[in-house]
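This report refers to the structure that appears directly beneath it.
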Amino acid sequence: MDSYKGMSSDNIKGLVLALSSSFFIGASFIVKKKGLKKAGASGVRAGVGGYSYLYEPLWWIGMTTMVVGEIANFAAYAFAPAILVTPLGALSIIISAVLAHFILREKLHIFGILGCALCVVGSTTIVLHAPQEREIESVKEVWDLATEPAFLFYAAMVMAAVFVLIVHFVPLYGQTHVMVYIGVCSLVGSLSVMGVKALGIALKLTFSGMNQLIYPQTWVFILLVATCILTQMNYLNMALDTFNTAVVSPIYYVMFTSLTILASIIMFKDWDRQNPTQIVTEMCGFVTILSGTFLLHRTKDMVDGPGSTRLPKHVDEDGYESYDAEGIPLRCPESLRAS
């Protein structure tokens, strides 16, 4: 108890809100997948482009849970510093994996636990050594940062990559390669976070007496955020409906966090305010993240027990073939190629 004597009441509030946010967001993955499964049993699955989940109350409960978590996370930043709040977001991965193990019966073996741990350690290392945010006094200043050549190049590369993924790779490999759906979510998400930060700055300045809603840049950011979030939710639903939640959640967190930090470095020039030690530490965090992601993805079909390495070729509950005895991803069914 002595270690908490120096913590202010505001910091305690921020800590509680951050922990609550992680629980709600982690649980939302499970509730949403339960809703997706229920909707897929009576309609067209989200994994093949269906939207019957929009009529499923359980899916909306999951969405509401996620929104509550995001609101709690946003509120936590109003009470506690980012260095306290941001690392706690990694707890949603563990919560999601544990709940999936017990509720969805999605087995989380020892290597999956190790992969999750590496992802959490790497992400936490990056976040803990991230620089302080720069002072912004107007949404116009954010717009100037967003329209500099470096960030415009990054945004163009992201949109080009998303276009190629959606047009070419989703129809061919969306049902057999988890990185396709997650790639779209993460790339678009890195842009949406930049838009959200711009809107947060605009709202904060507006509430302090400097109205930012009169500037057209604010409404452009609103349109950007709405478009990106709708795209993210669509392909995240496809990923959750098609693949194991214990795999989707940590991979999405890792890719989303990594790309968001990269976008922030480019747009806000974070590395200009860091020393070499901090930069090297962040790079070590990236290596740890990549190691955890590879381990988790490569061994996701492993089963526990002597002499067992990977599950043999099988057909899942929806009739889709997954992996053969050597762990090589099978091609998607011809029926999906034609659709």
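The values are calculated or read from the model by the stated rules, or taken from the named source; none is laboratory data. Note that the structure is a prediction, hence the values are computed from the model and not measured. Don't worry about glycine lacking a Cβ; one is built from the backbone with ideal geometry, like all the others, and counts go over all protein chains shown. The accessibility values were calculated without ligands, DNA or RNA, using every heavy atom of the protein model including side chains. Shrake-Rupley method; radii C 1.70, N 1.55, O 1.52, S 1.80 Å.
Distance between the modelled labels on LEU172 and LEU54, one decimal in nanometres: 3.0 nm (7 Å Cα→Cβ projection). Annotation: the stretch 149-206 has a Kirkwood hydrodynamic radius of 12.7 angstrom, from the mean reciprocal C-alpha pair distance. 3J(HN,Hα) couplings calculated from phi for the stretch 187-203 with the Karplus curve 6.51 cos²θ - 1.76 cosθ + 1.60 (θ = phi - 60°) are, in sequence order, 4, 5, x, 5, 6, 5, 5, 4, x, 4, 4, 5, 5, x, 5, 4, 5 Hz; Gly and Pro show x. Residue-normalised convex hull volume from the C-alpha trace of the stretch 138-296: 126 Å³ per residue.
To put it simply, the accessible area of the stretch 127-216 at a 1.4 Å probe is 70 percent carbon and sulfur.
With a simple spin-label model that places each label point 7 Å from the Cα along the Cα-to-Cβ direction, the separation between ILE103 and LEU213 comes to 3.6 nm. Cross-link pairs exceeding 29 Å between alpha carbons, from the set LYS107/LYS197; LYS37/LYS204; LYS204/LYS269; LYS38/LYS204; LYS32/LYS107; LYS33/LYS204: LYS107/LYS197; LYS37/LYS204; LYS38/LYS204; LYS33/LYS204. For the pair ASP272 and GLU141 in one chain, pulling the backbone fully straight at 0.36 nm per residue adds 45.4 nm over the alpha carbon distance. Per residue, the stretch 170-211 exposes 35 Å² of accessible surface when a 1.4 Å probe is rolled over the protein heavy atoms with every protein chain present.
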